[in-house]
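Visitor: First, the structure itself, so that you have it in front of you.
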Amino acid sequence: MGVIWNLLERAACLAVTAVALLECRAGATFNGTPTVLTDQGLIQGFAKNDANVFLGIPFAESTAGQNRWKAPQGLKQSTTAVFDATSYGPSCAQSMSGSSIVAQSEDCLNLNIWTPQNGSNLPVFVYIYGGAMVTGGNSNAQWQGYNFARKDVIYVNVNYRESIYASPYAPELEGQSQNFGILDIEMALKWVHKNIQGFGGDKKRIVLGGHSSGSVHVDHYLWTHPKTFLAGAIEMSANAESGPAIAPSGVALTQVAQDMVAAGVTLNCDASKPTLNCLREVDTYAFQTSNFNSTTNTWFSPIVDNITRFSDYKSRFAAGNYPKSIPLIVGNSDQEGKIFSLVYSSENTDFSKWINTFDADMAHVPDDELLAAYNASDYATVSLMSGASYGDARFFCPTDYLLDIRSNEQPTWAYRWFGNYDNVIGVPGMGSSHGSEVPFFHGGNECFSKLSGVTEAQQALADYMNNWFVAWIKNPSAGPGWGQAKPTNGPLAKLGVPGNELAIETGSTGDYNARCQSVFKPNLPKYPVVQNPVTLAKSS
């Protein structure tokens, strides 16, 4: 009877879940377990903290083996498969170590969903984490969806390939897109659009957002989908003009192959001319030599292929190859570059040398203009000045540049985050630096669970931030509550201002963008400049 009973139970489960799918409502259960029917079978999650949670749902096949360095492959459809979505799926392979995300694998293209315990035709927010396109994962506690679900918004976050696994820049793939991380995001959003109705979501009310390199991915998606189904987007800190830096074709791949051989890895090809088929035979972790983990992992980033990353965004916008009607929020943290004064401290104590490094990625701006733009007397250390230049080049000025291009024709709102809390980043004195706003946008509570010393005032600010943010997700066209941005100088929301945290102060972009307008804006059309990190290191 065991086999027969299992078959009957599965049939009953399919029937129950199919009804819920047809009714387009959240909260369907079978035997008390949140259950949703998708194209790949039944997804069974769990209920917690007044939300239904589904973790580690695959949206594509494994990227290991022969699927390494190929576009993501769609999953097989099934009406009988059952997936246990009660724990996070693997993070994508990367150099990061530690316990902030789960263990890595190349079978990593998965997403997590938090839903209300009831409701239908609900708005959906899809979040893409940051990490310089070399590190990170959707299992980080700072981006959980409980606060959204409790306010009747479905929250989704996704994984995507990183570093060498995402962007090999292999000579044998020239002429086609090899920006596989960008293609992963494309596949994830296709999955959400096709399946979110079963979770109670409305596929016409999907808002896309991200921070840092996740925000770059948001922008890449917009530039490649001028007729997108998205209802809105938010770009936190960065966009398609933010990088990362690009090395010449084959240079990074060759260096990694040579480092592997030096570390004792056997390759069935010449390390000076490695082929992708040869490198597909190598174990995931074999790439992660000490040099890769410390240095070369940052040499792999999306290339300008004019398919998924473009060379001229101003002309593309003018030609209508962009969804101009999409409501868009853009913004930055007040001290974006400060944390990077520490990250790159081994190479940024001489400013004239720093601006010519691969990591600084400022070759599009003439040296004399950069040297004149920064005054050492304005900073306690040269490293802090270098960090400020990094914040301008990667975050502030790309945001300002594309704001000037888009805001006359696209409904756009700008913000600047001033929340000053050392316990968020975990490094004293960093304050409102890059990434410090993320758990506040997410509403704190569970998203503060890995932080120490969280105060009632911090949670009150997180509640305030998440409340207006959720209200905007529900109705993006209505705006977030302050005036629309304008080119060069326009309204700016000041968020988390010390002493007035539970209010949105109004400022102007012109109060902060003088260096962006005078130094970076004239030069950003030349970005990116391909640079060889090997020769740069030898000349330094």
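The values are calculated or read from the model by the stated rules, or taken from the named source; none is laboratory data. From a predicted model like this one, the values you see are computed outputs, not experimental measurements. Neighbour counts are summed over all protein chains in view; Cβ atoms, including those assigned to glycine, are modelled from backbone coordinates with ideal geometry. Just the protein is used for accessible areas: all its heavy atoms, side chains included, with ligands, DNA and RNA removed. Shrake-Rupley method; radii C 1.70, N 1.55, O 1.52, S 1.80 Å.
Visitor: Of everything in the range 435-459, what is open to solvent by 10 Å² or more (accessible area, probe 1.4 Å) and of a type in the set (Gly, Ala, Ser)? Give them in sequence order.
Guide: Selection gives Gly435, Ser449, Ser452, Gly453, Ala457.
Visitor: I'm checking my understanding of the structure. Among residues of the range 405-422 that are among the polar types (S, T, N, Q) and open to solvent by less than 40 Å² (accessible area, probe 1.4 Å), which one is farthest from Ser237 (Cα to Cα)?
Guide: Taking the candidates together, the pick is Gln410.
Visitor: Cβ-Cβ under 7 Å, sequence separation 6+ or interchain: first residue in the range 461-474 and within 22 Å of Thr412 (Cβ to Cβ), partner part of a helix (DSSP H, G or I) and of a type in the set (Phe, Trp, Tyr). Which pairs?
Guide: Met465/Phe440; Met465/Phe441; Asn466/Phe441; Phe469/Phe441; Val470/Phe148
Visitor: Among Phe310, Phe292, Phe287, which is the only one that is in contact (Cβ under 8 Å) with a residue 60 or more places away in the chain and over 22 Å from the mean Cα position of the chain (by Cα)?
Guide: Phe287
Visitor: Can you tell me which residue is nearest to Val126 (Cα to Cα) among those in the range 475-507 that are touching a residue at least 40 places away in the same chain (Cβ under 8 Å) and charged (D, E, K, R)?
Guide: Filtering first and then ranking leaves Lys494.
Visitor: Could you check the range 291-317 and list, in sequence order, the residues that are under 20 Å from Leu536 (Cβ atoms), small (Gly, Ala, Ser) and not in a loop (DSSP other than H, G, I, E, B)?
Guide: The one that is under 20 Å from Leu536 (Cβ atoms), small (Gly, Ala, Ser) and not in a loop (DSSP other than H, G, I, E, B): Ser294.
Visitor: Hey, could you check the range 218-240 for residues that are charged (D, E, K, R) and open to solvent by less than 10 Å² (accessible area, probe 1.4 Å) and say which is farthest from Tyr390 (Cα to Cα)?
Guide: Filtering first and then ranking leaves Asp219.
Visitor: Taking helices (runs of 4 or more DSSP H) that fall entirely within the range 339-458, which contain at least 2 residues that are under 21 Å from Pro498 (Cβ atoms) and not hydroxyl-bearing (Ser, Thr, Tyr)?
Guide: 382-391, 422-425, 438-441
Visitor: May I ask you to list pairs of residues, at least six apart or on different chains, whose Cβ atoms are under 9 Å apart, with the first in the range 434-449 being free of Cβ contacts under 8 Å to residues at least 60 places away in the same chain and the second being open to solvent by less than 10 Å² (accessible area, probe 1.4 Å) and of a type in the set (Phe, Trp, Tyr)?
Guide: Close Cβ pairs (under 9 Å, with a partner that is open to solvent by less than 10 Å² (accessible area, probe 1.4 Å) and of a type in the set (Phe, Trp, Tyr)) amount to Phe440/Trp417.
Visitor: On to the next question. I'm told Gly243 meets every condition in (1) of a type outside the set (Ser, Thr, Tyr); (2) under 13 Å from the mean Cα position of the chain (by Cα); (3) crowded, with 24+ Cβ neighbours inside 10 Å except one. Can you identify the failing condition by its number?
Guide: Among (1) of a type outside the set (Ser, Thr, Tyr); (2) under 13 Å from the mean Cα position of the chain (by Cα); (3) crowded, with 24+ Cβ neighbours inside 10 Å, Gly243 violates only (3).
Visitor: Keeping to the range 493-518, report how many residues are assigned to a strand (DSSP E or B), in contact with a Phe, Trp or Tyr (Cβ under 7 Å, 6 or more places away or on another chain) and not β-branched (Val, Ile, Thr).
Guide: 3
Visitor: Kindly provide the set of residues from the range 320-375 that are of a type in the set (A, V, I, L, M) and open to solvent by 60 Å² or more (accessible area, probe 1.4 Å), ordered by number.
Guide: Passing the criteria: Leu342, Val343, Leu371, Ala372.
Visitor: Additional query: Can you say whether Asn138 is within 17 Å of Lys194 (Cβ to Cβ) and touching a strand residue (DSSP E or B) at 6+ places or on another chain (Cβ under 7 Å), as far as the supplied structure shows?
Guide: no
Visitor: Just to be sure I understand the filter: pairs with C-beta atoms under 7 Å, separated by 6 or more residues or on different chains, first member in the range 80-97 and under 20 Å from Ser163 (Cβ atoms) and open to solvent by 10 Å² or more (accessible area, probe 1.4 Å), second member in a loop (DSSP other than H, G, I, E, B) and at pLDDT below 95. Which pairs pass?
Guide: Pro90/Val102; Pro90/Ala103; Ser95/Val134; Ser95/Thr135; Ser95/Gln288; Met96/Thr135
Visitor: Every residue in the range 259-281 that is in a loop (DSSP other than H, G, I, E, B) and touching a Lys or Arg at 6+ places or on another chain (Cβ under 9 Å), please.
Guide: Arg280
Visitor: Right, another one. Regarding the range 285-295, can at least one residue be identified that is closer than 30 Å to Pro525 by Cα, surrounded by fewer than 19 Cβ atoms within 10 Å (Cβ to Cβ) and out of contact with any strand residue (DSSP E or B) (no Cβ under 6 Å at 6 or more places or on another chain)?
Guide: Within the range 285-295, one or more residues are closer than 30 Å to Pro525 by Cα, surrounded by fewer than 19 Cβ atoms within 10 Å (Cβ to Cβ) and out of contact with any strand residue (DSSP E or B) (no Cβ under 6 Å at 6 or more places or on another chain).
Visitor: Return the only residue of Tyr221, Tyr285 being at pLDDT below 95 and part of a helix (DSSP H, G or I).
Guide: Tyr285
Visitor: Can you name the condition, by its number, that Leu524 falls short on among (1) surrounded by fewer than 18 Cβ atoms within 10 Å (Cβ to Cβ); (2) out of contact with any Lys or Arg (no Cβ under 6 Å at 6 or more places or on another chain)?
Guide: That leaves (1) as the condition not met.
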